[in-house]
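The values are calculated or read from the model by the stated rules, or taken from the named source; none is laboratory data. The structure displayed is predicted, hence computed values, not measured ones. Because the Cβ atoms are built from the backbone with ideal geometry, glycine has one as well, and the counts that use them run over all protein chains shown. Heavy atoms of the whole protein, side chains included, go into the accessibility calculation; ligands, DNA and RNA do not. Shrake-Rupley method; radii C 1.70, N 1.55, O 1.52, S 1.80 Å.
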Amino acid sequence: MARIAKVVVEIAVDKEFDYLIPERLQADIKVGSQVVVPFGRSEARGYVVGLADSSDRADLKEIRDRVGKKALVEQNILDLARWMADYYVAPVERAVRTVLPSAVRKKGAGYKERLMVLPTEMATDEMAVEKLRQKAAKQAASLDVLLSGKQMFLHHLAKAAGTTAGTIRSLEQKGFVQIGRSPVRRDPLDNQSVLRTEPLELMSQQADALKLIQTSIDTGQPPVVLLYGVTGSGKTEVYLQAIQHALSKGKGAIVLVPEISLTPQTLERFRGRFGEGVAVLHSSLGEGERHDEWHRVHEGKAQIVIGARSALFAPVKNLGLIVVDEEHEPSYKQEEAPRYNARDVAVMRGHMDKCAVVLGSATPSVESFHNAGRGKYGIARLPHRVDHRKMPVMHIVDMRIEAEREGRVNVFSRDLVEAIRKRLERSEQIILFLNRRGYATSLVCPKCGYVAQCDQCSVAMTYHRQTEELVCHICAARRKVPSRCPNAECRDPAFRFAGFGTQRVEAVIAKVFPHAKVQRMDSDTTTRKGSHRIILGDFRTGKIDILVGTQMIAKGLHFPNVTLVGVLFADMSLHMPDFRAGERTFQLLTQVAGRAGRGEVTGEVIVQTFTPFHPAVQAARRLDYEGFYAQEIEFRRELSYPPFSHLVCLTLKGMSEERVSFSGEAFLKELQPRLPKSVVVAGPAPAPLARAKGEYRYQIILRAPSTRSISDPLRALLRDFRWPEGVTCAVDVDAVSLM
Ligand code: ADP
Ligand code: ZN
């Protein structure tokens, strides 16, 4: 029996520590167990990430205790976490934390405190409650709190009512409430009844795709299938039937969707087919919901998990299939350590767990399409929309000509105004897309050219009209709009707003189409839980004519009555200082266009741009992914960008610019001799976002044919290198954002 446990402690230390397993805990300590260990002069919580018979060290301390009965992380997930820590050059304990959902990890969210309080019939007996109110006000008040919802956790209720568990226990003794250990599950779908659906008869290309995936599930070949299907081609139906196949073999499945496209609509499709067998995991669930869903999976009550990025680590038993929908989405990349890409880790989990992986997209990432091209992945194509409905027609409006004619830059071109008018007359719906919230993108003094900038970040502040504030979209700092130019030498009162955001679009529509019902959907209007669902519900039922929104509305939504999509400013993503700018623009335009004409009427897309001849815009207009890819891959090959190289981005941050730039030079000086010749180095140089939240940012970008050739020497140096005080270094392997 193993005597030594390798423990990763919750305090951020990039190390595994060896501890002795005391005799009394021998039977209970497993890999994945949560434990309390002596640490420094106090104690710490940690996880057992490995067991061993011996240790290099002699002076080992003993594990003090174990928390909870069950191991929370299975060996396979821990192996995956270790791989992530290694590949992404991140602390092991950060990786282990990542694979454990916080609701489970948190103190007090375990099984033993799952005491749920439910009101009994007596709680609605007014006479009885009145009596209680006179004799025990505290108890009555607690009861009121409870009755404002359906049920509550004991500790939540006590906290909300400002009392102790004892008060609630008294309520139980008097018969007003019941306290149960096995409470009703908190269902992310609110126990809505969902219509059961049956598998559809597949179109022939869907059937071919399904066959390829089934073969992958059954034989392991090909290990990864790229499902390249235009929007509305029935990819989801293929996923559903592939999952069905996995279930029939006694296997489970994980479906990853980008956070923003995890709409109730998406969920309903899976619930409709598989009912209670589906668990949902994503960050906007309540803590309780997440806890319950996670445990339903852990206990094997749900075999299918659908969720955002971190759902990949769900403890699905006997995993047969992982689906990564919209695999090209940048949001699969986590922007804090470990900076992993869930799509790539999914491929790794598939490899380690010997399960099939399906990557689905209408606009596959250049990396994945390249992998399919060279035979590493299998590929299935769905080139047509279901029932051969027509793809939308895309018109490009040259805003340079428009601006010249009008003498200024309007929010809407004439063509777009006309097109909107037509749709409103026919009671059809419209989506307008602009990836920028707020009213104006900056506040500019026309006299001296002063631009209102954030004090802490190197960006202009956005004007939000509802609150009459300037807001920094990087650090969320707010300030009142100044009444005159803050430049002491100027002080001109004629401030002007430049650029436009979704609020301004909303305001212009109200002027031009006073009778249209407009709703804005961006992160300003959807802060409240459930507001997404309400807005989309209103749009579906026709209470809204025009939906204006940011990228939140670009994906996955399916509204048959939308016949016009307007892209107000397509150039925004083109001008990102990033080699993927063209790819992003192509993807975005294609995705947005996919929202038009999902019903009987052929959809129209109007794209306003100042660079109408950019290849990405033109390829999107022709709906020509492969044409775009052919051009893009040549560009990448010539410049040795991914997929022809791996890219590691180091971002150094600190309040003192001098220290940041100096330590960047010093670090690189030590790193460079350790790197093989094949590594191309750029920097250190100020990052495109040169300053954020007060910190200066410098980047070093490394490229090489293999990640290892960079990450091995990098990891070794990071272990020894002493950063000057106040300077930190973030490592991003296979970086997606280069800001
Ligand atoms: P995608 O995921 O590729 O965007 P969906 O799976 O959402 O496409 O399919 C678009 C629509 O077509 C959905 O309403 C879906 O129910 C329907 N559909 C998919 N496959 C079939 C089929 N074989 N027969 C009839 N309708 C289908
Ligand atoms: Zn700021």
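Since only V366, V417, Y377 are under comparison, the one whose Cα sits farthest along the positive direction of the charge dipole of the stretch 320-422, derived from C-beta charges on Lys, Arg, Asp and Glu, is Y377. Computed over the stretch 209-278, the alpha-carbon pair-distance distribution with 10 angstrom bins reads 18, 51, 30, 1, each value a whole percent. Ordering R478, R504, R580 by accessible surface, largest first, gives R478, R504, R580; the 1.4 Å probe counts only protein heavy atoms, with every chain in place. Sum up the charges of everything whose Cβ sits under 12 Å from the Cβ of A27, counting Lys and Arg as +1 and Asp and Glu as -1, but leave A27 out. Local charge sum for A27: +2. Looking at the stretch 582-686, the GluC sites (Glu not before Pro) that sit in a DSSP loop and have at most 16 other Cβ atoms within 10 Å of their own Cβ are E600.
The residue among V224, I700, A494 whose Cα reaches farthest toward the positive pole of the charge dipole of the chain, with charges on the beta-carbon of Lys, Arg, Asp and Glu, is A494. Dipole check for the chain: with +1 at the C-beta of Lys and Arg, -1 at the C-beta of Asp and Glu, and the Cα centre as origin, the magnitude is about 1100 Debye.
The calculated FRET efficiency for the pair R528 and E657, based on their C-beta separation and a Förster distance of 41 Å, comes to about 0.55. Note that the chain presents 45 Å² accessible area per residue, ligands and nucleic acids not counted, probe 1.4 Å. Secondary structure note: in the chain, about 55% of the DSSP beta bridges are antiparallel. Net length available on complete extension from R484 to T164 is 109.7 nm, with 0.36 nm assigned per residue and the Cα-Cα distance removed.
With all protein chains in place and a 1.4 Å probe, the accessible surface of the chain carries 51 percent carbon and sulfur.
Extension gain, M352 to L717, is 128.5 nm, computed as 0.36 nm per intervening residue step minus the present C-alpha separation.
Between E428 and V386, the modelled labels are 2.1 nm apart [label points 7 Å from Cα along Cα→Cβ]. The slack in the chain from L60 to R465, taken as 0.36 nm per residue of separation less the alpha-carbon distance, amounts to 139.6 nm. Dividing the convex hull volume of the alpha-carbon atoms in the stretch 6-77 by its residue count gives 101 Å³ per residue. In the stretch 614-739, one over the average inverse separation of all distinct C-alpha pairs is 15.9 Å, which is the Kirkwood hydrodynamic radius. Its alpha carbons give the stretch 508-629 an Rg and a Dmax of 15.3, 43 Å. Other residues within the sphere of radius under 13 Å centred on the Cβ of L256, judged by their own Cβ, net out at -2 (K and R +1, D and E -1). Taken along the Cα-to-beta-carbon direction at a fixed 7 Å, the label points for M576 and Q26 span 5.7 nm.
For the chain, taking Cα atoms only, Rg and Dmax work out to 28.1, 85 Å respectively. Looking at the stretch 130-175, the trypsin sites (Lys or Arg not before Pro) that sit in a DSSP loop and have at most 14 other Cβ atoms within 10 Å of their own Cβ are K150. By its C-alpha gyration tensor, with a ≥ b ≥ c as the square roots of the eigenvalues, how is the stretch 485-543 shaped: rounded for a/c under 1.5, else prolate for a/b larger than b/c, else oblate? It is oblate, given that a/c is not under 1.5 and a/b is not larger than b/c.
Loop-located GluC sites (Glu not before Pro) in the stretch 256-357 (DSSP state other than H, G, I, E, B) with a sparse environment of at most 14 neighbouring Cβ atoms within 10 Å: E299, E335, E336.
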